[in-house]
1. Got a sec? What order do Asp157, Asp29 fall in by accessible area at 1.4 Å, biggest, i.e. largest, first?
2. Roughly how many percent of the accessible protein surface of the chain is carbon and sulfur, given a 1.4 Å probe and a whole-percent answer?
3. How much length is gained if the chain between Gln161 and Ala222 is pulled fully straight, taking 0.36 nm per residue apart and subtracting their Cα-Cα distance, in nm to one decimal?
4. Please compute P(r) over all alpha-carbon pairs of the stretch 1-48, binned at 5 Å starting from zero, and give each bin as a whole-number percent.
5. Once each part is reduced to its C-alpha centroid, what is the distance from the stretch 112-167 to the stretch 63-99 in angstrom?
6. I need the phi-derived Karplus couplings for the stretch 21-30: 6.51 cos²θ - 1.76 cosθ + 1.60, θ = phi - 60°, integer Hz, Gly and Pro marked x.
7. Fully extended, how many nm does the chain gain between Thr14 and Leu231 (0.36 nm per residue separation, minus their Cα-Cα distance)?
8. Is it possible to state the helix-based mean residue ellipticity at 222 nm for the chain, with each DSSP H run of 4+ residues giving -39500 (n - 2.57), the sum divided by total residues, to the nearest 500 deg cm²/dmol? What is it?
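The values are calculated or read from the model by the stated rules, or taken from the named source; none is laboratory data. All values reported here derive from a predicted model rather than from experimental measurement. Please note: Cβ atoms are built from the backbone with ideal geometry, for glycine as well, and neighbour counts cover all protein chains shown. Heavy atoms of the whole protein, side chains included, go into the accessibility calculation; ligands, DNA and RNA do not. Shrake-Rupley method; radii C 1.70, N 1.55, O 1.52, S 1.80 Å.
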Amino acid sequence: MTLPFWISDAVLITAQATLVALPAARFPDALRRLRGAAWALLPAASIAIVIAVLAAAPAAADFLTYLALIATPLLAAVALGHVVHRARPPWALVVLPLLALAWAEKGSLAGDASALVLTALGCLTLGWLLAAITPTGWLKLGIVAMAVVDSYLVFTDLLQQPNATLNAAAPAGGLPQLQFVSFGSAVMGYGDFFIAGVLGSVLLAERTRRLPVALACLVLAALFDLLFFVLDELPATVPVALALGVSELLPRRPVSRRNQPDFSAATLTGASAGSSSPSSSPS
């Protein structure tokens, strides 16, 4: 069954925006020793490096496909077992039927939906881990830099061919492709979900309410995607960066400790030290 593009796109941008609201777990104290501003380069570098590698060596797409196939279910299990709101270790086992369905029903809406959930949750864990080791002020700049790099690559047509090479790579045996997200007739890159997970985790570190920002991300993505009437491809990282800007304009309100994880004083000190004051993805 082929869904109209607007329905397919609506599902993807809703899933992306949902990631902004999902992270809820306390950052591990064990990761504090790794904290540093240099990690903020990772979001933008992840796009630039992968695109450069694929342009120079297209065969690298096969490696990335298998890397995603192995790492994504494991990261998704961490998200269900620990990272998301009301996570419980037994919920990590849900990745097994999701992976089985994504494999057995590959190409169907059910298979697409299962692969979407796995990839989105995997990206959420990656974003949460990055926020645990990066001062939030620097990581906000990293989100903006990723959107700028993504936009440049898309609008100069430098992203399309390497991205097509990556999306065409598939593991043997009909195993699911988890290096990008496809639902119905719309496609979104891995980095587009990763940046949403990063934003949600930054807001978590700053004790900022995530639901209003997630809703802003969804509205901004819907408005931004009106450009599909005149363009075939858009950088889906841009609405996330714009939602970050919205979060900077909102008044800071403390979140109830009953609903927010209890960060250690040391973790809060490390996060605050790198935070900017309110003012202001191949994907």
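1. Putting Asp157, Asp29 in descending order of accessible area: Asp157, Asp29.
2. 71 percent
3. 19.4 nm
4. 4, 14, 11, 14, 21, 14, 9, 6, 5, 2
5. Each part's Cα centre sits 18 Å from the other's.
6. With coefficients 6.51, -1.76 and 1.60, one gets 8, 7, x, 8, 7, 5, 6, x, 4, 5 Hz.
7. 76.1 nm
8. My calculation for the chain gives -19500 deg cm²/dmol from helical runs alone.
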